[in-house]
1. Within 10 Å of each residue's Cβ, count the other Cβ atoms and sort 208, 84 from fewest upward.
2. For a protection proxy built on the mean count of beta-carbon atoms within 10 angstrom, sort 96-105, 245-254 highest first, please.
3. Quick check: pseudo-label points 7 Å beyond the Cα along Cα→Cβ at residue 164 and residue 80, how many nm apart are they?
4. Would you mind ranking 7, 15, 185 by Cβ crowding within 10 Å, fewest neighbours first?
5. Provide 184, 179 in ascending order of the number of other Cβ atoms located within 10 Å of each residue's Cβ, fewest first.
6. Using label points projected 7 Å from each Cα along Cα→Cβ, tell me how many nm separate residue 111 and residue 254, to one decimal.
7. With the crude spin-label approximation of a point 7 Å out along Cα→Cβ, what separation in nm comes out for residue 122 versus residue 150?
8. If R0 is 35 Å, what FRET efficiency do you get for residue 55 and residue 210 from their C-beta distance, rounded to 0.05?
Amino acid sequence: MLGKLIRYEISATGRLFLPFYGALIVFALINKLFFSFDTPVPDFIANVTMATYIIIIVAIVVLTYLVMIQRFYKNLLSDEGYLMFTLPVKSWQHIASKLVVAVMWTILSLLVTLFTIFLMVFNSEMIPHIQELVAEVQQEFAPLNHAAIVSLFLQLSVTALISSVATILMIYTSIAIGHLFGKHRVLASFGAFLGINFAIQSASSLFMAFIMPSTIEKLDEFDGAFVEIMNLLQGLFQISNVINILLCAVFFLVTSYILQKKLNLE
């Protein structure tokens with residue numbers, strides 16, 4: 001049943017995202033053509049197309065968050081919730097389906113944006129510069145073997161992914177907590193988000209104040225030892241991942257409990 005919910009969610013949200021992705025690719029191609037013209041394009045036209053491209057990127061970012069919030073609230077906590085909760089589906093499956101699709105669109109939006117930037121600026125003259133950059137990177141990472149480099153970038157990607165999941169779940173939890181109030185639920189949700197975020201930031205600041213002195217001492221002891229610095233960064237990534245996974249579990253359980261035990265659609 002979870003798979004059906006995910007497919008339904010993709011179908012409902014894809015009609016919003018795909019036109020924006022298409023428009024972004026079209027304007028990237030237009031800008032690329034303008035860059036390639038031997039005869040300069042009038043500044044006004046070039047500025048308009050580039051401004052439109054940037055506006056579409058901003059719109060995609062905003063749309064990602066708006067759809068994330070709107071789908072969770074409208075689908076589960078508004079009148080549509082009466083229908084959704086009559087389905088033979090557990091509350092955690094509703095949350096999981098929306099989380100999976102929200103993460104999917106977040107990643108896809110990033111990849112499409114990076115692809116269009118590459119599409120817009122890449123040309124044959126860049127190949128020698130890219131080769132030089134790759135050579136410099138290889139020289140910089142020479143103390144590490146290829147497996148260690150791949151592991152480092154994978155850990156960085158995983159850390160970013162887990163952090164994004166934690167942020168999305170924090171938004172869901174804030175909306176669910178706000179729904180517990182009889183009136184001014186939107187304002188209560190916003191207040192819950194600020195309160196949760198403040199608590200997390202305060203705890204993070206205290207934690208960083210605790211570990212940073214010892215971390216700085218280790219960096220001084222390394223004296224530029226690249227391998228040791230990379231090992232330290234991997235350790236910090238692992239700590240961050242553990243903390244964010246715990247936060248994800250707490251947010252998911254709290255949201256699921258509210259939807260299952262405290263839901264009030266009146």
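1. 208, 84
2. 96-105, 245-254
3. Spacing of the two 7 Å Cα→Cβ label points: 2.2 nm.
4. Placing the least packed residue first, the sequence is 15, 7, 185.
5. 184, 179
6. So the two model labels end up 3.2 nm from each other.
7. Result: 2.2 nm between the two label points.
8. It comes out at approximately 0.20.
Here, each number is a calculation from the coordinates, and none is a lab measurement. Bear in mind that the values here come from a model prediction, so they are computed numbers and not experimental data. Here the Cβ is made from the backbone with ideal geometry for all residues, glycine too, and neighbour counts use every protein chain on show.
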